[in-house]
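Read through the structure below, which is laid out as structure tokens, and then see the notes.
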Amino acid sequence: MSLTEARFHDLVDATQEAIEDVFDSSELDLDLENSAGVLTVRFDNGSQLIFSRQEPLRQLWLAARSGGFHFDYDAASERWMCDTSDELLGEMLARLTLEQCGAELEFEEL
């Protein structure tokens with residue numbers, strides 16, 4: 001079943017809020033900016049994670065130092081899953097955060 005536009009936006013909004021909550025509760029020196037549906041995480045070393053919604057494809061996109069990743073929502077697991085590797089968004093975020101700023105954070109709910 002395809003996601004409706006409203007459901008897609010609700011899911012992306014909730015996901016971005018959850019990501020912000022994890023970073024806000026960490027002790028990392030970083031900047032968070034959420035504008036026009038794009039969430040940007042800027043680490044103190046200058047690297048970034050950028051999350052954007054791709055409405056026509058109903059995907060959540062993530063740009064990181066190591067590349068760009070596209071996530072589809074898997075209704076069965078209620079998680080965002082990478083369309084090429086099947087890695088869960090939370091798992092990838094934990095790995096990318098470690099790679100980009102050396103911090104170990106948990107993104108279990110994603």
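The values are calculated or read from the model by the stated rules, or taken from the named source; none is laboratory data. Predicted, not measured: the structure shown is a model, and the values here were computed from it. Cβ: placed from backbone, ideal geometry, glycine included. Neighbour counts: every protein chain shown.
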Quick check, is residue 44 touching an Asp or Glu at 6+ places or on another chain (Cβ under 7 Å), in contact (Cβ under 8 Å) with a residue 40 or more places away in the chain and charged (D, E, K, R)?
-> yes
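Step by step: first the residues of the stretch 29-43, then only those that are acidic (Asp, Glu) and at pLDDT 95 or above, then the one that is nearest to residue 97 (Cα to Cα). Which residue is that?
Residue satisfying both the conditions and the ranking: 31.
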When only residues in the stretch 59-87 that are touching a strand residue (DSSP E or B) at 6+ places or on another chain (Cβ under 7 Å) and in contact (Cβ under 8 Å) with a residue 40 or more places away in the chain count, which is farthest from residue 25 (Cα to Cα)?
-> 73
Do you know which of the residues in the stretch 44-73 that are among the charged types (D, E, K, R) and surrounded by fewer than 17 Cβ atoms within 10 Å (Cβ to Cβ) is farthest from residue 102 (Cα to Cα)?
-> 55
Mind checking whether some residue in the stretch 62-81 is more than 10 Å from the chain's Cα centre (by Cα), outside any helix (DSSP H, G or I) and of a type in the set (Lys, Arg)?
-> yes
Give the stretch 1-33 a look and list any residue that's of a type in the set (S, T, N, Q) and touching a strand residue (DSSP E or B) at 6+ places or on another chain (Cβ under 8 Å), or say none.
-> 15, 16
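Listed here are the residues, each with its yes/no results for (1) under 20 Å from residue 109 (Cα atoms); (2) surrounded by 15 or more Cβ atoms within 10 Å (Cβ to Cβ).
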site	(1), (2)
4	no, no
7	yes, no
12	yes, yes
19	yes, yes
26	yes, yes
32	yes, no
35	no, no
In the stretch 88-110, residues that are assigned to a loop (DSSP other than H, G, I, E, B) and without any contact (Cβ under 8 Å) to a residue 12 or more places away in the chain total 2
Tell me which residues, restricted to the stretch 91-110, are at negative phi and of a type outside the set (A, V, I, L, M).
-> 91, 95, 97, 99, 100, 101, 104, 106, 107, 108, 109
